[in-house]
Amino acid sequence: MLTTEALVKELVEKNGRTRNSLMPVLQGIVQQEHFLSEEALLCVARELDLAAADVYGTASFYTFLDTVPRGKNIIRVCKTITCHMKGKDEIINTLSNALKIKVGETTHDKKFTLLTANCLGWCHKGPVMLINDEVYPELTPQKALEIVEEYAKSTH
Amino acid sequence: MENNLKKVDIIFEVDDKCTPLEVLDKTLKRSADDIILDLIDSGLKGRGGAGFPTGLKWKFTRNESGDVKYVICNADEGEPGTFKDREILDRVPEKIFAGMTICGYVIGAKEGYIYLRGEYNFLLKNLLKKLEDFNNALKKRNIDFRIYFKSGSGAYVCGEESALFESMEGKRGEPRNKPPYPTVAGYNSKPTVINNVETLVYTTMICHMGPEKFKALGTSDSRGSKVFSVSGDTPIPGIYELELGMPLHEFVNEFGDGDTKAVQVGGASGHCVPRKKFNDTIIGFEGIPTGGSMMIFNSSRSMYNVLHDYLEFFTEESCGQCTPCRVGCQQLLKGIEAVKRGERPPAYLDDLKKLTGTMKIAAKCGLGQSVGNPFNSIIDNFREEIIY
Ligand code: SF4
Ligand code: FES
């Protein structure tokens with residue numbers, strides 16, 4: 001794995017050095033490191049010649065650009081209205097019990113973070129969750145457990 | 001009961017005789033002015049919710065001077081209850097690409113961007129492949145236009161066009177002051193056409209089938225058809241393309257479960273229509289306009305919970321830039337909680353309604369301005385459910 005500095009350099013190389021490339025660079029870091037560390041934010045500020053506060057200001061605006069450490073797999077359960085109607089509470093409780101963490105927390109082995117999200121665009125097939133970039137609609141507690149178990153088994 | 005609800009199939013129609021690239025070839029032989037005239041004639045209004053006439057938007061941008069202009073496809077669909085664009089992106093992306101290219105030709109832009117919400121990143125693999133083929137096809141035809149993707153990172157407000165530009169420019173997605181409008185100064189402060197996914201597909205289809213066929217659908221105020229996303233208490237949730245201007249009762253006959261108490265038209269920021277008003281509510285620009293979201297609630301649902309969910313959503317998604325919205329959303333949420341707990345008298349709800357009036361006038365963008373839609377329609381029609 002690349003060091004943070006090397007990763008930032010690579011992303012800047014690929015996306016360009018203008019302000020317009022800030023989002024793709026931050027997104028690229030999150031993809032690799034699952035969150036934006038202080039080191040990463042400072043590196044980006046240096047490479048793009050922006051104030052660190054400016055970079056942090058942008059990063060902290062977006063839900064998917066986490067600035068606190070997250071697990072390797074980020075589970076986001078939709079909590080908005082129609083998923084609520086279709087039983088998102090049960091899904092959250094089931095996952096919370098199985099992973100032994102509350103919403104917002106990360107497991108000790110750093111494999112999972114459990115979060116809620118606003119409407120994911122699958123309202124007709126709720127309840128739904130996103131794990132990293134993968135979407136899982138029409139969940140039942142059982143189904144949600146099985147999916148997460150699959151992630152737990154996989155090594156990467 | 002008799003039902004005249006007209007299902008249409010323009011967007012997802014599989015027509016072997018006409019591929020998006022062929023529509024493009026045919027259309028680019030015509031003059032930009034003719035294309036604009038057709039679009040204006042068709043009566044197509046933006047399908048993202050605001051409903052600005054698409055042909056005029058293109059015309060204004062075409063008339064701006066300057067050699068750098070942009071076409072942007074707004075695929076930052078985040079309104080709760082709305083999922084039509086995801087389906088369009090997944091099933092007929094080439095029709096979106098073609099619409100963007102035609103727009104580029106009309107206004108004189110060389111670059112187009114699709115701003116895809118981060119929640120839809122799983123679509124990217126397939127989309128990038130199709131985009132590469134499409135861009136190659138443009139190159140082969142010597143068409144000087146390229147399309148790129150930009151991903152969002154989970155912020156509902158970025159669906160607001162000026163916030164979307166800010167985000168593309170690497171900033172916090174905070175809406176800008178208007179004017180200037182995007183047609184004058186949009187992305188990178190250049191003249192920009194920004195259209196919703198569905199709107200762009202309709203431009204392709206109008207170029208394909210001609211304005212007459214499109215115009216024949218709908219009503220005089222609401223021309224054409226549109227894609228609706230139906231969710232909630234319905235046996236048949238999903239995506240449906242329907243003629244505009246339908247009476248709500250016909251919609252409920254078709255999609256309700258026999259026990260429909262209310263329909264939230266236009267997503268969380270739209271209006272909640274109670275059963276007693278189904279008969280005289282029209283879905284279209286002459287009645288309740290909508291970006292396409294239809295959420296159905298049956299009699300077992302607590303409208304307090306529904307409103308509470310909506311307000312939580314807005315409180316979380318407000319960009320925080322202006323006080324009426326940032327503080328207003330929180331006060332509305334706390335306010336209905338206080339009334340529910342009996343800490344405030346029922347009359348407090350009327351004070352809160354006044355607050356939404358202030359928000360409508362003083363909030364900077366559509367998010368803060370429209371919170372009063374669900375709030376007032378639910379308070380007015382289901383007051384007892386909020387109090388007890
Ligand atoms: S109305 Fe709300 S979302 Fe819009 S600019 Fe003001 S604070 Fe931001
Ligand atoms: S409400 Fe959960 S996906 Fe839309």
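The values are calculated or read from the model by the stated rules, or taken from the named source; none is laboratory data. Since the model is a prediction, treat every value here as computed from it, not as a measurement. FYI the Cβ positions are ideal-geometry reconstructions off the backbone, even for glycines, and counts take in every protein chain you see. For the accessible areas, the whole protein counts, side chains as well, though only heavy atoms, and no ligand, DNA or RNA atoms are used. Shrake-Rupley method; radii C 1.70, N 1.55, O 1.52, S 1.80 Å.
Given the criterion of a type in the set (A, V, I, L, M), within 16 Å of ligand 1 (Cβ to nearest atom) and within 14 Å of chain A (Cβ to nearest Cβ), identify the matching residue among B:Leu307, B:Leu367, B:Leu333.
Working: B:Leu307 fails: within 16 Å of ligand 1 (Cβ to nearest atom); B:Leu333 fails: within 14 Å of chain A (Cβ to nearest Cβ).
Going through B:Leu307, B:Leu367, B:Leu333 in turn, the sole match is B:Leu367.
Got at least one residue in the range B:340-355 being part of a helix (DSSP H, G or I), more than 16 Å from ligand 2 (Cβ to nearest atom) and in contact (Cβ under 8 Å) with a residue 40 or more places away in the chain? Outline the logic, then answer.
Start the filter on the range B:340-355 by keeping residues that are part of a helix (DSSP H, G or I), which leaves B:340, B:348-355.
In the following step, the residues that additionally are more than 16 Å from ligand 2 (Cβ to nearest atom) were identified as B:340, B:348-355.
Next cut, in contact (Cβ under 8 Å) with a residue 40 or more places away in the chain only: B:340.
Yes, the conditions are met somewhere in the range B:340-355.
Can you tell me which residue among B:Asn135, B:Asn74 is in contact with a Leu (Cβ under 9 Å, 6 or more places away or on another chain) and assigned by TED's automatic domain parsing to the domain that holds B:Thr183? Full working, then the answer.
Details: B:Asn135 fails: in contact with a Leu (Cβ under 9 Å, 6 or more places away or on another chain).
B:Asn74 is the lone residue from the list that is in contact with a Leu (Cβ under 9 Å, 6 or more places away or on another chain) and assigned by TED's automatic domain parsing to the domain that holds B:Thr183.
Between a residue in the range B:365-379 that is among the β-branched types (Val, Ile, Thr) and any residue that is near ligand 1 (Cβ under 9 Å from one of its atoms), which pairs come within a Cβ distance under 9 Å, given they are 6 or more apart or on different chains?
If the second residue must be near ligand 1 (Cβ under 9 Å from one of its atoms), the pairs left are B:Val371/B:Phe314; B:Val371/B:Ser318; B:Val371/B:Cys325; B:Val371/B:Gly328; B:Val371/B:Cys329; B:Val371/B:Met359; B:Val371/B:Ala363.
Looking only at the range A:63-85, which residues are at the interface with another protein chain (Cβ under 7 Å from one of its Cβ atoms) and touching a Leu at 6+ places or on another chain (Cβ under 6 Å)?
Of the residues in the range A:63-85, the ones at the interface with another protein chain (Cβ under 7 Å from one of its Cβ atoms) are A:63-65, A:80-82, A:84-85.
Listed by number, the list holds a single entry, A:Leu65.
Please go through the range A:49-81 and give me each residue that is within 16 Å of ligand 1 (Cβ to nearest atom) and within 17 Å of A:Ser21 (Cα to Cα), ordered by number. Full working, then the answer.
So the first thing to find is which residues in the range A:49-81 are within 16 Å of ligand 1 (Cβ to nearest atom), and the list is A:57-58, A:60-63.
The answer is A:Gly57, A:Thr58, A:Ser60, A:Phe61, A:Tyr62.
Could you list, in sequence order, all residues of the range B:59-78 that are in contact with a strand residue (DSSP E or B) (Cβ under 6 Å, 6 or more places away or on another chain) and either within 26 Å of B:Tyr240 (Cβ to Cβ) or open to solvent by less than 10 Å² (accessible area, probe 1.4 Å) (or both)? It would help to see each step written out before you state the result.
Step one: of the range B:59-78, the residues in contact with a strand residue (DSSP E or B) (Cβ under 6 Å, 6 or more places away or on another chain) are B:61, B:70-76.
If the condition is that a residue be in contact with a strand residue (DSSP E or B) (Cβ under 6 Å, 6 or more places away or on another chain) and either within 26 Å of B:Tyr240 (Cβ to Cβ) or open to solvent by less than 10 Å² (accessible area, probe 1.4 Å) (or both), then B:Thr61, B:Val71, B:Ile72, B:Cys73, B:Asn74, B:Ala75, B:Asp76 are the ones that fit.
Output yes when any residue across the range B:193-211 is part of a strand (DSSP E or B), β-branched (Val, Ile, Thr) and in contact (Cβ under 8 Å) with a residue 60 or more places away in the chain, and no when none is.
yes
Test of understanding: among B:Gly267, B:Gly328, which residue is assigned to a helix (DSSP H, G or I) and crowded, with 19+ Cβ neighbours inside 10 Å? Reasoning before the result, please.
Values: B:Gly267 fails: assigned to a helix (DSSP H, G or I).
When all the criteria are applied, what remains is B:Gly328.
For the range B:303-321, give me each residue that is more than 16 Å from ligand 2 (Cβ to nearest atom) and open to solvent by less than 30 Å² (accessible area, probe 1.4 Å).
B:Met303, B:Tyr304, B:Ser318, B:Cys319, B:Gly320
Within the range B:207-235, take every residue that is open to solvent by 10 Å² or more (accessible area, probe 1.4 Å) and of a type in the set (A, V, I, L, M, F, W, C) and give me the one that is nearest to the other protein chains (Cβ to nearest Cβ).
B:Leu217
If we scan the range A:90-111, do we find a residue that is surrounded by 16 or more Cβ atoms within 10 Å (Cβ to Cβ) and either within 16 Å of ligand 1 (Cβ to nearest atom) or within 8 Å of chain B (Cβ to nearest Cβ) (or both)?
no
Could you check how many residues of the range B:277-302 are assigned to a loop (DSSP other than H, G, I, E, B) and either open to solvent by 20 Å² or more (accessible area, probe 1.4 Å) or under 14 Å from B:Thr234 (Cβ atoms) (or both)?
Within the range B:277-302, the subset assigned to a loop (DSSP other than H, G, I, E, B) is B:278-281, B:284-287, B:289-292, B:299-302.
Subsequent filtering for residues that are either open to solvent by 20 Å² or more (accessible area, probe 1.4 Å) or under 14 Å from B:Thr234 (Cβ atoms) (or both) retains B:279-280, B:285-287, B:289, B:299-302.
Of the residues in that region, 10 qualify.
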